[in-house]
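These notes concern the structure reproduced below.
Rule-based calculations on the coordinates, nothing more; no lab input. Small disclaimer: the values here were computed from a predicted structure and weren't measured. With ideal geometry, Cβ positions are generated from the backbone for all residues, glycine too; neighbour counts draw on all protein chains shown.
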Amino acid sequence: MLRVLVCVSGGGTNLQAIIDAEKAGELGDAKIVRVISNNPNAFALERARNAGIEGVCVSPKTFENREDFHKALLKAINEATPDLIVLAGFLVVVPEEVIKAYRNRIINIHPSLIPSFCGTGYYGLKVHEAALARGVKVSGATVHFVDEGTDTGPIILQKAVEVKEGDTPKELQQRIMEEAEWVIMPRAIRLIAEGKVPLGEGEKA
Ligand code: GAR
């Protein structure tokens with residue numbers, strides 16, 4: 001079994017797509033064992049609860065400093081003994097100690113075709129605002145491994161989505177979620193579960 005930990009911050013529609021894929025038997029032997037949110041009010045936590053998955057909140061606001069938050073996050077991750085960490089709309093910069101311990105075992109979904117509209121400051125709706133401002137005719141989503149940079153790790157899957165005349169950022173976001181994100185994230189997890197995309201070993205502390 002591939003033990004999957006999902007990190008979220010908000011609505012959790014990508015989490016829902018993964019839950020639904022698991023229920024439909026489309027994730028191979030991958031199983032979501034825990035959901036971690038940095039935001040206590042994330043609807044994603046309710047989605048986890050509804051699916052009978054343990055949901056844990058590790059909020060930076062409840063710690064005196066960033067270092068203590070990072071330690072608590074690593075602890076909450078380690079407790080679940082995951083084989084794979086999935087960032088599904090997790091809007092926290094992943095601490096270096098987590099990246100080291102789980103090198104090439106962390107994947108992220110980004111709502112554009114990397115290397116366009118990615119990096120620091122490009123998240124959520126801002127990505128789609130930038131794509132529309134530039135006037136691209138095609139955008140999409142990318143699943144990639146997470147390294148120390150922002151959206152710089154090796155690409156696993158991408159899917160292109162048409163930008164339509166008169167699209168608002170919200171309309172483009174919704175189309176990219178439906179046509180790309182909710183498709184390629186479960187697909188990437190399945191490929192990993194089937195051993196078609198090899199994971200790294202992580203570095204011992
Ligand atoms: C998704 O569109 C995801 O690609 C994006 O946040 C949204 C989360 O939605 N992630 C980033 O922008 C990361 N840089 P969700 O909570 O409904 O899955």
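Panel order for Val93, Val161, by other beta carbons found within 10 Å of each beta carbon, from fewest to most: Val93, Val161. Each of Thr62, Thr13 was scored by other Cβ atoms within 10 Å of its Cβ. Arranged with the fewest first, they read Thr62, Thr13. For the chain, the longest principal axis of the alpha carbon atoms and the long axis of helix 125-134 meet at an angle near 30°. When Ser37, Ser9, Ser116 are sorted by how many other C-beta atoms sit within 10 angstrom of their C-beta, beginning with the fewest, the order is Ser116, Ser9, Ser37. Compared with the alpha-carbon gap, the fully stretched path from Lys61 to Lys137 is longer by 23.4 nm at 0.36 nm per residue.
When you filter the chymotrypsin sites (Phe, Trp or Tyr not before Pro) in region 29-119 for DSSP loop state and at most 15 other Cβ atoms inside 10 Å of their Cβ, you are left with Phe63.
How large is the Rg to Rh ratio of region 1-94 when both quantities use alpha carbon positions and Rh follows Kirkwood? A ratio of 0.97.
Restriction of the GluC sites (Glu not before Pro) in region 69-170 to DSSP coil positions whose beta-carbon has at most 16 other beta-carbons within 10 angstrom yields Glu148, Glu165. Of interest is the spacing of the C-alpha centroids, which for region 57-82 and region 109-127 amounts to 25 Å. Using Cβ point charges alone (K and R +1, D and E -1), the dipole size of region 1-152 about the Cα centre works out to roughly 200 debye. Please work out, to two decimal places, the log10 of the ratio I(q)/I(0) at q = 0.14, 0.21, 0.24, 0.27 Å⁻¹ from a Debye calculation in which every Cα of region 76-120 carries one identical scatterer. Log10 of I(q)/I(0), two decimals: -0.38, -0.80, -0.98, -1.15.
Summing Lys and Arg as +1 and Asp and Glu as -1 over all other residues whose Cβ lies under 13 Å from the Cβ of Ile99 gives a net charge of -2. Enclosing the Cα atoms of the chain in their convex hull gives a volume equal to 113 cubic angstrom per residue. Projecting the Cα atoms of Leu157, Pro169, Gly200 onto the dipole axis of region 150-200, where Lys and Arg carry +1 and Asp and Glu carry -1 at the beta carbon, places Gly200 farthest toward the positive end. By DSSP, the beta bridges lying fully in the chain are antiparallel in about 40 percent of cases.
Our helix-only sum for the chain, with -39,500 (n - 2.57) per DSSP H run of n ≥ 4 divided by its residues, gives a mean residue ellipticity at 222 nm of -10000 deg cm²/dmol.
A simple count of charges around Val8, restricted to other residues whose Cβ falls under 12 Å of its Cβ and scoring Lys, Arg +1 and Asp, Glu -1, yields +1. Relative to the dominant Cα principal axis of the chain, helix 13-23 is inclined by about 70°.
Starting from the Kirkwood radius over alpha-carbon pairs of region 42-129, derive D by Stokes-Einstein at 37 °C in a medium of 0.692 mPa s and give it in µm² s⁻¹.
Rounded, D is 222 µm²/s.
Considering all C-alpha pairs of region 91-148, those separated by over 15 Å amount to 51%. Near Ser37, once Lys and Arg are set to +1 and Asp and Glu to -1 for all other residues with Cβ below 13 Å from its Cβ, the sum equals +2.
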